[in-house]
Amino acid sequence: MKKLVTSITLLTALFIGGNLFAQDAPDANAPVMKFERDTIDYGTIAHNADGYRAFKFTNVGKEPLIIKDAHGSCGCTVPTAPKEPIQPGQASEIKVHYATDRVGMFIKTVTLTSNANPSVKVLCIKGNVLPDDNTNKPAPVQTAPVQTAPTGGH
């Protein structure tokens, strides 16, 4: 009986272990997203400048592409993906808005989940938002209170 239990345990472990390492071959007909670029560099921009940009791509696969989810790495990065399927050979774009009211350097990501091969794609935006320029404004004039000296006399 002990040998039977050991044999069943060993066969079960081999079966489970084999399935963990088995990988499905990628579907040759699956949609494929080909981006013009994976990173958008905003460069150095003014505080509260236009934060809208777009990642342009084409479905170079053989089946319609469906983007299931698009999300930014934080609330200041908001992507908008097309809702309708992108047919093979069709171009489209992922619009991204970065909140440029935040001063300083930034590097943020946009993660897409789709039926493409691969199913997850990570895009990047980066740049530097300058603070408001106050150097050309005249400094406020500081005046000291005028003190008068007492005059001679009683």
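The numbers here are math on the coordinates, done by the rules we state, and not lab data. None of the values given here were measured: they were computed from a predicted structure. No Cβ is skipped: glycine too gets one built from the backbone with ideal geometry, and neighbour counts run over all protein chains shown.
Rank the residues MET105, MET33 as a footprinting-exposure proxy: fewest other Cβ atoms within 10 Å of their Cβ go first. Mind dumping the intermediate values first?
Numbers: MET105 9, MET33 21.
The order, fewest Cβ neighbours first, is MET105, MET33.
Quick check on the range 33-128: what are the equivalent-ellipsoid semi-axes from the Cα gyration tensor, as sqrt(5λ), descending, whole Å? Kindly include the intermediate steps, with their values, before the conclusion.
Working: eigenvalues 139, 28, 22 Å².
Taking √(5λ) for each Cα gyration eigenvalue gives 26, 12, 11 Å.
Between the beta carbons of SER73 and ALA28, assuming R0 = 25 Å, the FRET efficiency works out to 0.20 to the nearest 0.05.
In this structure, CYS124 and GLU84 have a Cβ-Cβ separation that, at R0 = 22 Å, corresponds to a calculated FRET efficiency of about 0.30. Listed by Cβ neighbour count within 10 Å, with the fewest neighbours leading, PHE57, PHE35 appear as PHE35, PHE57. In the range 32-82, the convex hull through the Cα atoms has an average projected area of 4.5 nm², a quarter of its surface area. Between ARG102 and ILE66, the contour length at 0.36 nm per residue exceeds the Cα-Cα span by 9.7 nm.
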